[in-house]
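> Got a structure for you, written out below as structure tokens; questions coming shortly.
The values are calculated or read from the model by the stated rules, or taken from the named source; none is laboratory data. None of these values were measured; they are calculated from a predicted model. Quick reminder, even Gly has a Cβ in these numbers, built from the backbone with ideal geometry, and neighbours come from all protein chains shown. Ligands, DNA and RNA are stripped out before the accessible areas are found, and what is left, the full protein with its side chains, is counted by its heavy atoms. Shrake-Rupley method; radii C 1.70, N 1.55, O 1.52, S 1.80 Å.
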Amino acid sequence: MSPGGRLVWEYRVKLSLERKIVAGFGAALIVMAAVGVTAWWLTNRLDDTFGQVDHTHRVLNRLEQSVNEMLALQGDIRAYLLTGDEAYLARASRGSLIIRESIDSLQGLLADNPEQLKGLAALAAELDRGSLFVRRITQARRDKDEAALASLGGSAAFDRLILRLRTQISAMENEERRLLEARSLAVREALTVVMAAVVGTASVAGVLLVAAIVVVRRDFALQKRTDRALKETSARYEDLYNQAPCGYHSLDRQGLFTEVNDTELAWLGYRREEVVGQLTFARLCTPASRQKFESEFPRFLETGDVRNVEFDLIRKDGTVLPVLLNATAIRDAEGRVIASRSTLYDVTARREADRAIQTLNQNLQRQNAQLEAVNRELEAFSYSVSHDLRAPLRHVDGFAGLLTRQYASQLDAKGHRYLETISAGAKQMGRLIDDLLSFSQMGRAPLRLSQVDHDALVAEVIRSGNYATENGSIEWQIGSLPPVEADPAMLRQVWTNLIGNAVKYSRKGERPRIEIGGTEALASGEHVFFVRDNGVGFDMKYVDKLFGVFQRLHGPTEFEGTGIGLANVRRIVSRHAGRTWAEGRPGVGATFYFSLPSAITPPAPGDSPTTPPATA
């Protein structure tokens with residue numbers, strides 16, 4: 001080959017090699033560009049996914065904060081209902097405000113989740129109903145209206161309200177945990193794709209030797225950006241984890257601490273290096289709680305879940321910290337539990353409130369026992385005295401009658417007046433004794449409940465009392481009365497006393513009118529009945545005296561009576577778990593009310609509960 005031809009061939013080979021190199025670099029650049037764009041997109045997607053995970057943790061933290069505040073609120077309301085201490089109510093108001101703020105903050109956090117917004121709306125509605133209920137029950141406690149407290153359900157109803165709120169929050173937490181699991185899966189998938197891209201880049205680098213340097217450098221840069229994003233996300237998560245208002249920790253299968261947040265360390269008084277990898281959870285427990293943990297932990301390793309278990313932990317300074325623990329399992333690829341992640345709530349305030357409530361209950365039980373004993377003694381004394389007085393009164397009345405019949409001619413007008421006064425006093429005393437015996441028996445006789453036709457009962461009372469013929473000018477207005485479950489004999493006595501009372505105090509008027517009616521109060525679940533007259537009435541400042549024994553607002557010369565009829569009404573209605581009250585104005589008339597609940601759980605025979613007057 002001539003030198004000229006060789007030069008042409010070398011030039012052609014060199015040109016072909018250069019073209020191949022250029023082509024290889026071009027292909028490498030194209031591949032790297034495609035890998036770079038894909039990696040950039042995946043990195044952004046990974047960052048978004050981490051943001052969603054962080055968002056879910058914030059939602060869970062808000063929900064857990066709400067549950068914690070609800071537990072404190074439950075204890076404060078219980079303590080207030082039992083003690084009436086306004087400090088508990090003030091603390092409950094602050095807790096309620098914190099709960100409301102947490103729920104309001106969730107409105108923005110859950111804006112991208114319509115289903116959770118529905119649950120949040122339901123929770124807010126339940127909170128509104130709960131706030132109304134708390135205002136009603138605390139007002140009743142402030143007014144010392146035991147009947148209103150009983151009708152509202154007391155602390156048991158409030159416990160059910162808190163349970164409904166916690167159930168709603170639990171459902172929202174479960175939904176967030178489901179989202180967290182899905183988003184964590186998305187993170188793992190994104191990481192898998194990133195790793196696949198890295199492997200692909202390395203393969204291209206092995207084939208394209210020159211382009212490998214560029215690929216490695218670009219992969220290194222991508223890795224740095226990913227690491228930086230992971231560190232930033234991890235820092236945000238760690239800050240959220242450590243600053244949470246509740247304690248967090250993780251245990252391995254032996255119960256050894258592998259992780260713990262700053263809040264729990266502050267509660268316990270330890271440094272992180274003194275706990276992580278050094279102490280087991282059982283070592284921090286009191287002996288009784290250690291025994292509970294050692295029995296519960298193996299069961300947890302099987303089930304992978306435990307809820308609302310109380311433990312007493314020993315702080316570093318030797319004091320005891322009561323906590324409420326919830327735990328979930330961390331499983332390996334085969335589904336075996338390899339560790340646990342736990343949430344702790346400080347329940348010191350609730351424990352103190354429970355102790356205070358227990359002490360109050362014990363004191364109330366002792367006082368109730370003493371009161372029952374006194375009531376039984378008073379009932380026995382009243383019954384005995386009433387019986388013992390009958391014979392002397394019969395003698396007084398009988399001998400006064402003998403004097404009148406046998407010595408009438410020997411007595412002057414003054415003597416006859418004296419004997420009439422003696423006889424009238426003896427008869428009045430006899431009626432008083434009869435009323436006392438009736439009052440005593442109403443407190444001791446057992447209730448015999450049955451369905452009572454009120455319309456028929458009232459008509460029969462008016463007919464047998466012959467009130468219509470006593471004063472022909474009485475105007476009766478009788479409405480329809482709902483049937484009730486009650487003791488018919490006792491209820492008849494109630495209507496007899498109230499109607500007779502209305503007739504007595506209105507019959508001296510020119511046009512006496514008596515109105516009888518009843519309504520069903522759906523809100524309070526009770527039937528309310530009334531007897532209204534346009535008689536002499538009374539001053540409301542004396543309303544507290546009306547239902548007391550021997551309490552009369554008019555003298556016996558004005559209106560006959562013993563002062564026991566209305567007291568008997570109150571006792572009978574109270575035995576039926578009802579209320580009694582009255583309204584009146586002098587010269588205008590009076591209205592006497594009583595209520596009977598829809599469902600009756602009567603007190604035991606011998607009890608004599610009283611119901612303070614209420615306002616209609």
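> Report whether or not Thr580 is within 18 Å of Asp145 (Cβ to Cβ), in contact with a Phe, Trp or Tyr (Cβ under 8 Å, 6 or more places away or on another chain), modelled with pLDDT of 75 or more and surrounded by 15 or more Cβ atoms within 10 Å (Cβ to Cβ).
Values: within 18 Å of Asp145 (Cβ to Cβ): yes; in contact with a Phe, Trp or Tyr (Cβ under 8 Å, 6 or more places away or on another chain): yes; modelled with pLDDT of 75 or more: yes; surrounded by 15 or more Cβ atoms within 10 Å (Cβ to Cβ): yes.
Taking the combined requirement at face value, the residue satisfies it.
> Further, regarding this structure: Given the conditions (1) farther than 30 Å from Glu526 by Cβ; (2) within 18 Å of the chain's Cα centre (by Cα); (3) without any contact (Cβ under 8 Å) to a residue 40 or more places away in the chain; (4) surrounded by 13 or more Cβ atoms within 10 Å (Cβ to Cβ), report the number of the one that Leu123 does not fulfil.
The number of the failed condition is (3).
> Could you please find all residues in segment 111-140 being among the aliphatic types (A, V, I, L, M) and not in a helix (DSSP H, G or I)?
First pass over segment 111-140, keeping only residues among the aliphatic types (A, V, I, L, M): 111, 117, 120-125, 127, 132, 134, 137, 140.
Once the filter is applied, which keeps residues that are among the aliphatic types (A, V, I, L, M) and not in a helix (DSSP H, G or I), segment 111-140 yields only Ala111.
> Which of (1) assigned to a strand (DSSP E or B); (2) open to solvent by 20 Å² or more (accessible area, probe 1.4 Å); (3) among the hydrophobic types (A, V, I, L, M, F, W, C) does Leu321 not meet, given it meets every other one?
Condition (2) is where Leu321 drops out.
> Looking only at segment 325-339, which residues are assigned to a strand (DSSP E or B), open to solvent by 10 Å² or more (accessible area, probe 1.4 Å) and among the hydrophobic types (A, V, I, L, M, F, W, C)?
Leu325, Ala329, Ile330, Ile338, Ala339
> Here's a follow-up. What are the residues in segment 284-309 that are within 16 Å of Leu268 (Cα to Cα) and either modelled with pLDDT under 90 or not in a helix (DSSP H, G or I) (or both), if any?
Cys285, Thr286
> Kindly provide the set of residues from segment 567-591 that are aliphatic (A, V, I, L, M) and closer than 15 Å to Pro446 by Cα, ordered by number. Give the derivation first.
As a first pass, look at segment 567-591 and keep what is aliphatic (A, V, I, L, M): 567, 569, 572-573, 577, 582, 588, 590.
Hits for segment 567-591 are Ile572, Val573, Ala577.
> Would a scan of segment 341-354 turn up a residue that is open to solvent by 60 Å² or more (accessible area, probe 1.4 Å) and over 27 Å from Tyr88 (Cα atoms)?
Yes, because at least one residue in segment 341-354 is open to solvent by 60 Å² or more (accessible area, probe 1.4 Å) and over 27 Å from Tyr88 (Cα atoms).
> Looking at segment 373-413 only, could you name the residues that are exposed (fewer than 15 other Cβ atoms within 10 Å of the Cβ), at pLDDT 70 or above and among the polar types (S, T, N, Q)?
Gln406, Ser409, Gln410
> Right, another one. Out of Arg431, Arg444, Arg513, I need the residue that is farther than 16 Å from His576 by Cα, at pLDDT below 85 and of a type in the set (Lys, Arg). Which one?
Working: Arg444 fails: farther than 16 Å from His576 by Cα; Arg513 fails: at pLDDT below 85.
Among Arg431, Arg444, Arg513, only Arg431 is farther than 16 Å from His576 by Cα, at pLDDT below 85 and of a type in the set (Lys, Arg).
> Run down Ser102, Ser184 and say which single residue is assigned to a helix (DSSP H, G or I), within 24 Å of Asn326 (Cα to Cα), among the hydroxyl-bearing types (Ser, Thr, Tyr) and open to solvent by less than 30 Å² (accessible area, probe 1.4 Å). Give the derivation first.
Numbers: Ser184 fails: open to solvent by less than 30 Å² (accessible area, probe 1.4 Å).
Criteria check complete, one pass: Ser102.
> Also: Within segment 235-262, take every residue that is aromatic (Phe, Trp, Tyr) and open to solvent by less than 40 Å² (accessible area, probe 1.4 Å) and give me the one that is modelled with the lowest pLDDT.
We begin by selecting, within segment 235-262, every residue aromatic (Phe, Trp, Tyr); these are 237, 241, 248, 257.
With open to solvent by less than 40 Å² (accessible area, probe 1.4 Å) added as a condition, the list becomes 241, 248, 257.
Numbers: Tyr241: 75, Tyr248: 87, Phe257: 92.
For segment 235-262, the residue satisfying everything is Tyr241.
> Are any of the residues in segment 101-108 over 17 Å from Met70 (Cα atoms) and at pLDDT below 75? Break it down into steps so the answer makes sense when it comes.
First pass over segment 101-108, keeping only residues over 17 Å from Met70 (Cα atoms): 107-108.
Subsequent filtering for residues that are at pLDDT below 75 retains 107-108.
Yes.
> Considering only residues that are part of a helix (DSSP H, G or I) and among the acidic types (Asp, Glu), look in segment 59-86 and name the one that is surrounded by the fewest Cβ atoms within 10 Å (Cβ to Cβ).
First pass over segment 59-86, keeping only residues part of a helix (DSSP H, G or I): 59-83, 86.
From what's left, among the acidic types (Asp, Glu): 64, 69, 76, 86.
On the way: Glu64: 20, Glu69: 21, Asp76: 24, Glu86: 12.
Checking each candidate, the answer is Glu86.
> Another question, then. For segment 263-277, which positions are closer than 16 Å to Gly318 by Cβ and open to solvent by less than 40 Å² (accessible area, probe 1.4 Å)?
Here is the first cut: in segment 263-277, the ones closer than 16 Å to Gly318 by Cβ are 267-270, 274.
The answer is Leu268, and nothing else.
> Also, I was wondering about something else. Quick check, is Ala202 of a type in the set (A, V, I, L, M, F, W, C) and either at pLDDT 70 or above or surrounded by 16 or more Cβ atoms within 10 Å (Cβ to Cβ) (or both)? If you could, list the steps in order and put the result at the bottom.
Numbers: of a type in the set (A, V, I, L, M, F, W, C): yes; either at pLDDT 70 or above or surrounded by 16 or more Cβ atoms within 10 Å (Cβ to Cβ) (or both): no.
Spelling it out, it is not the case that Ala202 is of a type in the set (A, V, I, L, M, F, W, C) and either at pLDDT 70 or above or surrounded by 16 or more Cβ atoms within 10 Å (Cβ to Cβ) (or both).
> Look through Ser480, Ser473 and report the one residue that is assigned to a loop (DSSP other than H, G, I, E, B) and either modelled with pLDDT of 85 or more or buried (at least 17 other Cβ atoms within 10 Å of the Cβ) (or both).
Numbers: Ser473 fails: either modelled with pLDDT of 85 or more or buried (at least 17 other Cβ atoms within 10 Å of the Cβ) (or both).
When all the criteria are applied, what remains is Ser480.
> Just the residues that are under 29 Å from the mean Cα position of the chain (by Cα) and of a type in the set (A, V, I, L, M), please, taken from segment 287-323.
Val306, Val309, Leu313, Val320, Leu321, Val323, listed by residue number.
> Check off (1) more than 30 Å from Ala182 (Cα to Cα); (2) open to solvent by 60 Å² or more (accessible area, probe 1.4 Å); (3) charged (D, E, K, R); (4) in contact with a helix residue (DSSP H, G or I) (Cβ under 8 Å, 6 or more places away or on another chain) for Arg141 and give me the number that stays unchecked.
Result: Arg141 passes all but (2).
> Right, something else. Filter segment 278-310 for residues that are open to solvent by 40 Å² or more (accessible area, probe 1.4 Å), farther than 14 Å from Leu321 by Cα, among the small types (Gly, Ala, Ser) and touching a residue at least 24 places away in the same chain (Cβ under 8 Å) and give the result.
Of everything in segment 278-310, nothing turns out to be open to solvent by 40 Å² or more (accessible area, probe 1.4 Å), farther than 14 Å from Leu321 by Cα, among the small types (Gly, Ala, Ser) and touching a residue at least 24 places away in the same chain (Cβ under 8 Å).
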